[in-house]
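Visitor: A single structure is presented below for examination.
Only the coordinates and a few stated rules stand behind these numbers; no lab work does. A quick note: this is a predicted structure, and the numbers were derived from the prediction, not measured. Ideal geometry is used to build each Cβ from the backbone, glycine not excepted, and the neighbour counts take in all protein chains shown.
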Amino acid sequence: MKKQLLALTFALVSLFAFQNVKAQTTAMNFTIDDCNGNPHELFADLDAGQVVIIEFFMTSCGSCVTAGNRLEEMKADLLIEFPGMIKSYAFGYTNSYSCATVNGWVSTNSFTSIPSDSGAAQVAYYGGFGMPTIVVLGGAGTHDILGTPYTGFSTSDTTTMASDIRGFFNGFAGVADPVTTVNNVSVYPNPANNNVTISLSLATQSDLIIEVLDLTGRVVLNVMDEKLQSGSIVRTINTAEIAEGNYLVRLNASGIITHEKLTVVH
């Protein structure tokens, strides 16, 4: 009889917890120092207009690595459209993971997500009954879950996530189709080692600014800032001092901005 009562109690508690988890439509805030000692507040990021992607992982989970790789690809594509507006975290799913473990998992897999420990409370909140658990968050003031928490991983998940993120950003009023000012852009060789050449043509006289950004939107190299006549422009820049990784070349021609991917390898 006791066993039956215990089983019934467990079932009711589990059902209640499951129903509560599935009902979540908004983010759970956190204020943390990440595993590199940098401070973060989730709601501050969201209120700044950013989309935040969180992957909760366990080290023995092969699909967590697969998901992480697909998230990196998705994020690189989206940051071309929305530079500096997407932030991602990798949280250890349990509080028993040390920062050394989390940093090791992120660096071994060459992920660009912010390494963070102590994810247990969030996993419970979002319903992480399988790893990886991925949530995509956005909304100044509303702190919404975009789509639904993803438990486990399917290769189609990032397609849905990307659609939700584009829909979120494109839902802002006042977004207009850009006027074409910069044409025939080429960035080569790409991947680049010590040097990369940027060539383009200007349709009109423009104040042209070219910068290299990392995927957080931080400028790592100022290439040029000049007033130029229309016509062909070619610039070769030294990438030897830039760390290996994925970057964006931002071309700002009198306020009309375009982006190109750049990969640096040494």
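Visitor: Give me the number: length gained by fully extending T159 to N194, i.e. 0.36 nm times residue separation minus the C-alpha to C-alpha distance, one decimal in nm. Intermediate results must be reported in sequence, preceding the final value.
Guide: Details: separation 35, 0.36 × 35 = 12.60 nm, distance 3.42 nm.
Using 0.36 nm per residue and subtracting the Cα-Cα distance, I get 9.2 nm.
Visitor: Note the full-extension length gain between N29 and S63 as 0.36 nm times their separation in residues minus their Cα-Cα distance, in nm to one decimal. If you can, show how the numbers build up before the last one.
Guide: On the way: separation 34, 0.36 × 34 = 12.24 nm, distance 2.61 nm.
Answer, rounded to one decimal: 9.6 nm.
Visitor: Each residue of segment 95-111 in turn: what ³J(HN,Hα) in whole Hz from Karplus with 6.51, -1.76, 1.60 and θ = phi - 60°, glycine and Pro shown as x?
Guide: Ordered by residue, 3J(HN,Hα) equals 6, 7, 6, 7, 5, 4, 5, 5, 4, x, 5, 5, 6, 4, 8, 6, 8 Hz.
Visitor: Here's something else I'd like to know. Put a dot 7 Å past each Cα toward the Cβ at A48 and T94; how far apart are the dots in nm?
Guide: Here the modelled spin labels are 3.3 nm apart.
Visitor: For a test of the definition: using alpha carbon positions, the gyration tensor, and the 1.5 limit on a/c, classify segment 166-266 as rounded, prolate or oblate. Don't jump to the answer; show the numbers that get you there.
Guide: Values: a/c = 2.13, a/b = 1.21, b/c = 1.77.
Verdict is oblate for segment 166-266.
Visitor: To make sure I understand, if each residue's beta carbon is the centre and we count other beta carbons within 10 Å, what order do T133, T158, T148 fall in, fewest to most? Let's see the in-between values first.
Guide: Working: T133 26, T158 23, T148 15.
Lowest count first: T148, T158, T133.
Visitor: Taking amide H atoms as placed 1.01 Å from N in the peptide plane, list the residues 5 or more away in sequence, or in a different chain, whose amide H sits under 5 Å from that of M131.
Guide: G152
Visitor: Here's another thing I want to ask about it. Tell me, which longest segment in the chain has none of the GluC sites (Glu not before Pro) that fall in DSSP loops with at most 13 further Cβ atoms within 10 Å?
Guide: Details: sites that count: E241, E244.
For GluC sites (Glu not before Pro) (loop position, at most 13 other Cβ atoms within 10 Å), the longest site-free span of the chain is 1-240.
Visitor: Read phi for every residue in segment 115-128 and hand back ³J(HN,Hα) as whole Hz from Karplus 6.51 cos²θ - 1.76 cosθ + 1.60, θ = phi - 60°, with x for Gly and Pro.
Guide: Values, residue by residue: x, 9, 9, 6, x, 4, 5, 5, 4, 5, 5, 8, x, x Hz.
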